[in-house]
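**Q** A single structure is presented below for examination.
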Amino acid sequence: MTPLEQAARAAQHAPSVFNTQPWNWRITGEAMELFADPQRRVDSIDRDGRLLLLSCGAALHHARTYLAAAGWSVTVARLPDPGRSDLLARITIGHPIPPDPEATRMAASISRRRTDRRAFGDRPVTDFELTKLRRFVESEGAYLHTVRPDQIAMLAVSTEVAAGAELDDPAYRADLHQWTSRPGYTGDGVPPATAVKPELRRVPVRDFFPDATAQLDAGAAHDQGAAYVVLFGNGDQPIDLLRGGEALSALLLLATADGLATAPLSDAVEAEWPRHLLRGLVADIGEPYLVVRLGYRQDREPVPAAPRRDLRDVIIITK
Ligand SMILES: Cc1cc2nc3c(=O)[nH]c(=O)nc-3n(C[C@H](O)[C@H](O)[C@H](O)COP(=O)(O)O)c2cc1C
């Protein structure tokens, strides 16, 4: 397998909204191209494709991280063809270089990282760790705001009201059903084994199974030590969201490498009005992309891995 094929394989582990994995790769000679798959967009909550672009950005960063760790120089062109909005990026491989030690650490987290929807324990995430994560996110062109204790109630209410409004929408219910009842061969969607039963939480976690068939218990902890961070950027053009997704991947991989459990929360950014409230949380200086809960897990048992699409459906190799 060539380094580019291995990079596309590594990218398959990237997180994505509803585990839609809305991307494809085309590998030709020295280049790999990342395409968005709009058919995999979750229309009821993502008509403008923000979450799809964040997900594709995360896949792009996974591929970049793999190649940097494997010791390859690359050039990355984002949205290289103005006539083709589905062509999100082209990575061209260069010459061998010494492996980047930080990328090596993060690449080791690629297959270990999982969205953990259970409650995290009392051990707090330190300011030192949050500063490190913030700097890393900034090196990827986005920003991180740690939600202050006096802002948690606002985040909780925005998330709860946004989630409630979505559950009242038949189109959302239909999307939820579609992406939580996938036949095994599709290798996508959110299975009950990775979803958490609804419980009172500091900030609500998405209820993927309103019919009460989620299998994970939130556990004995109460997210007391959890940090809630808002990933935000300068705008919401496709290039901003793609970069935002790369920053999301950087955040999740570094956090995982440092022993933190992570869980993205996007309910509050999916509709304009709660997103407006989140803009207030970041003092109106940027566009909120996503909330992430970070913490130390009480339960040492890892959550089951979410399925992944067959690589033969995702990677096209042409001469
Ligand atoms: C843009 C984006 C939004 C997401 N929103 C949520 C969310 O609101 N709630 C949630 O529990 N997980 C959310 N996730 C996590 C995905 O559901 C998860 O990545 C996917 O199911 C694959 O599982 P894994 O992360 O364990 O590999 C989101 C992920 C991304 C990239």
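**Q** Could you pull out the residue among ASP175, ASP211, ASP169 that is without any contact (Cβ under 8 Å) to a residue 24 or more places away in the chain and among the charged types (D, E, K, R)? Don't jump to the end; show me each part of the working.
**A** On the way: ASP175 fails: without any contact (Cβ under 8 Å) to a residue 24 or more places away in the chain; ASP169 fails: without any contact (Cβ under 8 Å) to a residue 24 or more places away in the chain.
Criteria check complete, one pass: ASP211.
**Q** Kindly indicate whether HIS177 is open to solvent by 20 Å² or more (accessible area, probe 1.4 Å), assigned to a loop (DSSP other than H, G, I, E, B) and in the same structural domain as GLU138 (by TED's automatic domain parsing). Show your work before the answer.
**A** Values: open to solvent by 20 Å² or more (accessible area, probe 1.4 Å): yes; assigned to a loop (DSSP other than H, G, I, E, B): no; in the same structural domain as GLU138 (by TED's automatic domain parsing): yes.
The answer is no for HIS177.
**Q** Out of the residues in the stretch 17-48 that are on the phi < 0 side of the Ramachandran plot and exposed (fewer than 15 other Cβ atoms within 10 Å of the Cβ), state the one that is farthest from the ligand (Cβ to nearest atom). Quick ask: steps written out before the conclusion?
**A** Within the stretch 17-48, the subset on the phi < 0 side of the Ramachandran plot is 17, 20, 22-28, 30-48.
Filter once more, so that each one left must be exposed (fewer than 15 other Cβ atoms within 10 Å of the Cβ): 28, 30, 38-39, 43, 47-48.
Numbers: THR28: 27, GLU30: 29, PRO38: 15, GLN39: 17, ASP43: 15, ARG47: 14, ASP48: 13 Å.
Once the filter is applied, the top-ranked residue is GLU30.
**Q** Quick check on the stretch 272-287. Is at least one of its residues surrounded by 24 or more Cβ atoms within 10 Å (Cβ to Cβ) and more than 10 Å from the ligand (Cβ to nearest atom)? Walk me through how you get there before you give the answer.
**A** As a first pass, look at the stretch 272-287 and keep what is surrounded by 24 or more Cβ atoms within 10 Å (Cβ to Cβ): 278.
Restricting the remaining residues to those that are more than 10 Å from the ligand (Cβ to nearest atom) gives 278.
Yes: the stretch 272-287 contains one or more residues that are surrounded by 24 or more Cβ atoms within 10 Å (Cβ to Cβ) and more than 10 Å from the ligand (Cβ to nearest atom).
**Q** Looking only at residues in the stretch 17-39 that are part of a helix (DSSP H, G or I) and touching a residue at least 40 places away in the same chain (Cβ under 8 Å), which one is nearest to LEU176 (Cα to Cα)?
**A** Of the stretch 17-39, the ones part of a helix (DSSP H, G or I) are 17-19, 38-39.
Keeping just the survivors that are touching a residue at least 40 places away in the same chain (Cβ under 8 Å) gives 17-19, 38.
Working: VAL17: 11, PHE18: 8, ASN19: 11, PRO38: 17 Å.
So, considering only residues that are part of a helix (DSSP H, G or I) and touching a residue at least 40 places away in the same chain (Cβ under 8 Å), the one nearest to LEU176 (Cα to Cα) is PHE18.
**Q** Which residue is farthest from PRO101 (Cα to Cα), if the candidates are limited to the stretch 238-261 and must be open to solvent by 10 Å² or more (accessible area, probe 1.4 Å) and more than 11 Å from the ligand (Cβ to nearest atom)?
**A** Filtering first and then ranking leaves PRO238.
**Q** A further question on this structure: Every residue in the stretch 281-310 that is of a type in the set (A, V, I, L, M) and closer than 17 Å to THR115 by Cβ, please. Lay out the reasoning, then the answer.
**A** Initially, the stretch 281-310 is screened for residues of a type in the set (A, V, I, L, M), giving 281-283, 285, 290-292, 294, 303, 305-306.
Passing the criteria: LEU290, VAL291, VAL292, LEU294, VAL303, ALA305, ALA306.
**Q** If you take the residues in the stretch 299-317 that are at pLDDT below 95 and surrounded by fewer than 18 Cβ atoms within 10 Å (Cβ to Cβ), which one is farthest from ASP169 (Cα to Cα)?
**A** Step by step, filter the stretch 299-317, then rank; the result is ARG300.
**Q** Another question, then. So which of ALA58, ALA14, ALA63 ends up being more than 13 Å from the ligand (Cβ to nearest atom) and touching a residue at least 24 places away in the same chain (Cβ under 8 Å)?
**A** Values: ALA58 fails: more than 13 Å from the ligand (Cβ to nearest atom); ALA14 fails: more than 13 Å from the ligand (Cβ to nearest atom).
One residue alone meets the criteria, ALA63.
**Q** Return the residues of the stretch 107-142 that are buried (at least 21 other Cβ atoms within 10 Å of the Cβ), more than 16 Å from the ligand (Cβ to nearest atom) and within 18 Å of the chain's Cα centre (by Cα); say none if nothing qualifies.
**A** Correct list: LEU133 only.
The values are calculated or read from the model by the stated rules, or taken from the named source; none is laboratory data. Please read all numbers here as calculations on a predicted model, not as lab measurements. Here Cβ is always computed from backbone atoms with ideal geometry, including for glycine, and neighbour counts include all displayed protein chains. Please note that ligands, DNA and RNA were not included when accessible areas were found on the heavy atoms of the full protein model with its side chains. Shrake-Rupley method; radii C 1.70, N 1.55, O 1.52, S 1.80 Å.
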